[in-house]
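Structure record follows, encoded as structure tokens.
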Amino acid sequence: MALQLRSDPDRSGTPPPTVDLTAPPGLVAAHDPRRDFEPERLETGLRLHSVDPGSALGVLAEGFVYDVYRTSEFCAESPRRHVEESEPWRAGSTLHVVTDDQAADRIVGVVRTIVGPFPTLPTAAHVDGAPDRDGRVCEIGSLAVHSSQRGLGVANELHRAAFVAGFRAGVSGFCFLVEQWMVDFFTEVYGLPVHPLGPPRHYMGGDVVPVAMWLPEMLDVIALERPAVHAWAVEDLEETLQQRLRLPTRTA
């Protein structure tokens, strides 16, 4: 079973009732008022860590995701305090964890990345047939953010960490499961070329859509439609990786 990206729909308005699978993302007009949109940053005092699920922080992070999902009734009760749907992919995955330096071991956000051929990833269970893509794909899932974080800074930093992890792993794209309203949110606000891979299906408490973004289209589109989002997504990449991704190298 697959992992879900879950969030609060109140942050982006009323969820759309359906997803149009026949309308692939396209380039928006140059006068788009969101062209200069800049993602909200992580607050001072919060730090990002990328860890193995079996590490000390990783164990705490798994428990944090479980608590958030149980509160929202996204998963069944587990004596291990694990989201059991994640178990088949736990080994070999990476947890990206945001902590609050002002509180001992206080976790405020988590996301998981899993890298592999698309048919081996959680999203594939919700798709009839694999996309015609070569190479490995980065699955993004297990997103959980503390209720105190009402802004998008933590969620943004977790997604950026997932993108960087995928870039460094040399993937051909990213896949994930999202609620219907987030398809439009990612496309309209962040300019991401999100492609639905199938119709919505009920899973873990709600209807989710299997989606993907493919390189180099992802970077090419946001570079044109959302230049500030593009700069934010790649700002920490090494020069050799920028060259591999066909990005302009930094100058002194």
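Could you list, ordered by first residue, the pairs with Cβ atoms under 6 Å in which the first is in the stretch 189-203 and in a helix (DSSP H, G or I) and the second is surrounded by 20 or more Cβ atoms within 10 Å (Cβ to Cβ), at least 6 apart or interchain?
Tyr190/Val229
Quick check on my filter: what residues within the stretch 104-131 are assigned to a loop (DSSP other than H, G, I, E, B) and either touching a Ser or Thr at 6+ places or on another chain (Cβ under 7 Å) or not aliphatic (A, V, I, L, M) (or both)?
Asp105, Asp128, Gly129, Pro131
Name, by its number, the condition in (1) of a type outside the set (Val, Ile, Thr); (2) modelled with pLDDT under 95; (3) outside any loop (DSSP other than H, G, I, E, B) that does not hold for Asp134.
Going through the list (1) of a type outside the set (Val, Ile, Thr); (2) modelled with pLDDT under 95; (3) outside any loop (DSSP other than H, G, I, E, B), Asp134 breaks only (3).
Yes or no: the stretch 217-236 includes at least one residue that is without any contact (Cβ under 8 Å) to a residue 60 or more places away in the chain and part of a strand (DSSP E or B).
Looking only at the stretch 217-236, we keep the residues that are without any contact (Cβ under 8 Å) to a residue 60 or more places away in the chain, and these are 217-220, 222-223, 230-231, 235.
Adding the requirement that they be part of a strand (DSSP E or B) leaves none.
No, because not a single residue in the stretch 217-236 is without any contact (Cβ under 8 Å) to a residue 60 or more places away in the chain and part of a strand (DSSP E or B).
Name the single residue that is farthest from Val108 (Cα to Cα) among those in the stretch 46-76 being hydrophobic (A, V, I, L, M, F, W, C) and part of a strand (DSSP E or B).
Going through the stretch 46-76, the residues hydrophobic (A, V, I, L, M, F, W, C) turn out to be 46, 48, 51, 56-57, 59-61, 64-65, 68, 74-76.
Restricting the remaining residues to those that are part of a strand (DSSP E or B) gives 46, 48, 51.
Working: Leu46: 9, Leu48: 10, Val51: 15 Å.
Among those residues, the one meeting the criterion is Val51.
Which condition breaks for Val208 when tested against (1) in a strand (DSSP E or B); (2) of a type outside the set (D, E, K, R); (3) within 21 Å of Phe37 (Cβ to Cβ)?
Just one mismatch for Val208, condition (3).
Within the stretch 105-117, can one find any residue that is at pLDDT below 95 and within 20 Å of Val51 (Cα to Cα)?
Yes - at least one qualifying residue is present in the stretch 105-117.
Quick one: count up the residues across the stretch 177-219 that are on the phi > 0 side of the Ramachandran plot and crowded, with 21+ Cβ neighbours inside 10 Å.
1
This table checks each residue for (1) at pLDDT below 90; (2) surrounded by 13 or more Cβ atoms within 10 Å (Cβ to Cβ); (3) under 30 Å from Leu219 (Cβ atoms); (4) in contact with a helix residue (DSSP H, G or I) (Cβ under 8 Å, 6 or more places away or on another chain).
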{"position": "Pro9", "(1), (2), (3), (4)": "yes, yes, yes, yes"}
{"position": "Pro33", "(1), (2), (3), (4)": "yes, no, yes, no"}
{"position": "Leu42", "(1), (2), (3), (4)": "no, yes, yes, yes"}
{"position": "Ser55", "(1), (2), (3), (4)": "no, yes, no, no"}
{"position": "Glu87", "(1), (2), (3), (4)": "no, no, no, no"}
{"position": "Gly92", "(1), (2), (3), (4)": "no, no, yes, no"}
{"position": "His96", "(1), (2), (3), (4)": "no, yes, yes, yes"}
{"position": "Gln102", "(1), (2), (3), (4)": "yes, no, no, no"}
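Hey, can you tell me all the residues within the stretch 153-172 that are free of Cβ contacts under 8 Å to residues at least 60 places away in the same chain and crowded, with 21+ Cβ neighbours inside 10 Å? Spell out the reasoning first.
Here is the first cut: in the stretch 153-172, the ones free of Cβ contacts under 8 Å to residues at least 60 places away in the same chain are 159, 166, 169, 171-172.
Passing the criteria: His159, Gly166, Val171.
Counting just the residues of the stretch 237-252 that are in a helix (DSSP H, G or I) and closer than 25 Å to Phe37 by Cβ, which one comes out modelled with the highest pLDDT?
Leu241
The values are calculated or read from the model by the stated rules, or taken from the named source; none is laboratory data. No experiment lies behind these values; they were computed from the predicted model shown. All Cβ positions, even for glycine, are placed from backbone atoms using ideal geometry, and neighbour counts span all protein chains on display.
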